[in-house]
Amino acid sequence: MPKTYISELAKGFYLLRVDDEKVKYFEGLWYIPEGISYNAYLMVSNEKTILFDGWKYSYEKEFLETLSKLVDPKKIDSIIIHHAEPDHSGTLAKLLEINGSKTEVYGHTLAKKMLEGFYKVKLNFKDVVDGQELDIAGNRLKFIYTALLHWPETIMTYIAQDGILLSGDAFGAYSMPEKLFDEDEETVLKYLPFAKKYLVTVIGHYREHIVKNIEKLDKLGLDIRLLVPLHGLVWKKNPRVIIDYYKRWAQAVPEKNKIVIIYSSMYGFVDKAVLMAAKELDQKGYKTLIYKFTDTNYAPISDILGEVIDAQGIILGTGVYEADLFPYMRHFIDLLIEKADSPRPILILSSYGWGNVVRKKIEERFKGSKFKLIDIIDFQGLPDGEVEYRIREGVKNFLNADFRGLHADGLG
Ligand code: FEO
């Protein structure tokens with residue numbers, strides 16, 4: 001049985017959470033041994049009952065059981081859809097079946113098309129637009145259009161009376177935190193790396209929209225006292241913490257002296273070159289994280305994406321494989337550019353067997369990205385003393401690289 005939770009966050013306003021510990025690959029893509037939670041919310045008054053979103057379809061039974069502890073599911077008057085993705089809308093069709101499809105469903109006009117297409121249902125749908133306010137049972141709900149957090153139909157709802165911001169995917173995270181709230185430092189510190197990994201892997205492609213939408217929320221001057229996302233912790237002690245981290249990660253603000261190395265090595269040649277670079281970085285006092293694809297190791301790409309977003313620089317090592325880069329490195333580089341494209345120095349270390357195609361292939365792959373290729377150090381087989389010298393020089397240039405108008409030494 002999955003763990004489910006009910007918590008009254010404000011008078012008549014409830015969190016309904018389920019922990020998904022069965023999921024291994026979120027979206028069928030991102031490896032998350034830490035699991036994830038799905039949060040729905042419910043507002044109950046004498047006059048009306050409003051449900052905000054739902055859970056993933058695999059937890060349909062548990063969702064209805066949990067909901068039934070608070071209200072009769074037949075008596076839900078309105079459902080607000082912040083995001084149509086099935087990890088939040090998967091329980092909608094069953095609920096409407098119980099309700100006889102009479103329940104009003106509110107959301108962005110795009111959500112209607114998606115939901116009716118996904119679940120083959122006909123909705124009693126009410127479009128909402130940016131800035132629209134709605135009075136339901138004495139509560140004033142203000143809808144805020146927050147496109148591409150994480151799909152084009154995404155909205156947030158602000159309930160001024162209790163300072164509640166229902167934020168959809170935004171400000172959520174992977175993992176199944178033991179606590180429901182940001183109540184202590186230990187909980188928050190343990191949670192933040194999962195939030196960063198979630199942001200980059202799930203919303204990373206739309207990072208500029210994270211920044212724009214946070215600025216939009218700030219301009220609205222909302223008094224956010226309870227920040228309730230669709231995944232993970234509810235923020236009530238200090239909602240600004242996660243908002244500020246989200247902005248910082250979306251802007252790819254680098255952490256001083258943090259370098260991430262990702263490499264493949266079939267027979268240990270690239271491995272040796274990476275050790276030479278790592279030794280040089282270590283001697284200069286840099287904090288280096290190393291991930292590898294070898295005959296004994298498969299690097300966790302989801303974790304790496306979470307780490308590269310705030311690295312000061314990235315070193316990639318690859319062999320040549322069938323006249324191209326090593327396949328896992330091709331895959332990783334494509335995801336790096338798709339999810340974490342940012343003005344960062346990149347240093348390449350590459351060993352080839354009989355044909356050196358690395359320079360051409362690397363330049364083709366990084367063409368049009370914001371990453372700055374500092375040097376490509378290519379060599380046949382094992383790196384010798386001359387290659388070691390080139391690596392030392394390459395690392396020096398990589399660390400001195402000027403990017404984003406800031407010198408690396410000046411980064412905070
Ligand atoms: Fe949590 Fe984009 O769905």
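The values are calculated or read from the model by the stated rules, or taken from the named source; none is laboratory data. Computed from a predicted model, the values in this text were never measured in an experiment. Cβ coordinates were reconstructed from backbone atoms using ideal geometry, including for glycine residues, and neighbour counts include every protein chain displayed. To get the accessible areas, we keep the full protein, side chains included, count just its heavy atoms, and leave off ligands, DNA and RNA. Shrake-Rupley method; radii C 1.70, N 1.55, O 1.52, S 1.80 Å.
For trypsin sites (Lys or Arg not before Pro), the sites in segment 255-297 that DSSP calls loop and that have at most 15 other Cβ atoms within 10 Å are Lys256, Lys284. Pick out which of Gly368, Gly319, Gly394 has the largest mean-square fluctuation in a Gaussian network model of the chain, springs linking Cα atoms closer than 10 Å. Of Gly368, Gly319, Gly394, the Gaussian network model singles out Gly368 as fluctuating most.
Calculated on the alpha-carbon coordinates, the convex hull of segment 69-179 measures out at 128 cubic angstrom per residue.
For the residue pairs Lys219/Lys287; Lys179/Lys247; Lys258/Lys367; Lys56/Lys196, alpha carbon separations beyond 28 Å are given by Lys219/Lys287. Loop-located chymotrypsin sites (Phe, Trp or Tyr not before Pro) in segment 304-376 (DSSP state other than H, G, I, E, B) with a sparse environment of at most 10 neighbouring Cβ atoms within 10 Å: Trp354.
With distances taken between every two different alpha-carbon atoms, segment 147-212 has a Kirkwood hydrodynamic radius of 13.1 Å.
Rounded to the nearest 500, the 222 nm mean residue ellipticity of the chain from helices alone is -9500 deg cm²/dmol, with -39,500 (n - 2.57) taken per DSSP H run of at least 4 residues. Does the chain classify as rounded, prolate or oblate by the C-alpha gyration tensor (a ≥ b ≥ c root eigenvalues; a/c under 1.5 gives rounded; else a/b over b/c gives prolate, otherwise oblate)? Here the chain falls in the prolate category.
Result for the chain in a Gaussian network model with C-alpha springs under 10 Å: among Thr294, Thr49, Thr91, the largest mean-square fluctuation is at Thr294.
In segment 185-317, a dipole from Cβ-located charges (positive for Lys and Arg, negative for Asp and Glu) runs towards its positive end, and of Pro229, Leu199, Gln312 it is Pro229 whose Cα lies farthest in that direction.
About its Cα centre, the dipole of the chain is roughly 440 debye, where the only charges are +1 on Lys and Arg Cβ and -1 on Asp and Glu Cβ. Restriction of the trypsin sites (Lys or Arg not before Pro) in segment 30-112 to DSSP coil positions whose beta-carbon has at most 11 other beta-carbons within 10 angstrom yields Lys69, Lys102.
In the elastic network of the chain, a GNM with C-alpha springs shorter than 10 Å, the most mobile of Lys219, Lys24, Lys196 is Lys219.
Excluding ligands, DNA and RNA, the accessible surface per residue across the chain is 43 Å² with a 1.4 Å probe. Solvent-accessible area of the chain (1.4 angstrom probe, protein heavy atoms only): carbon and sulfur portion equals 50 percent.
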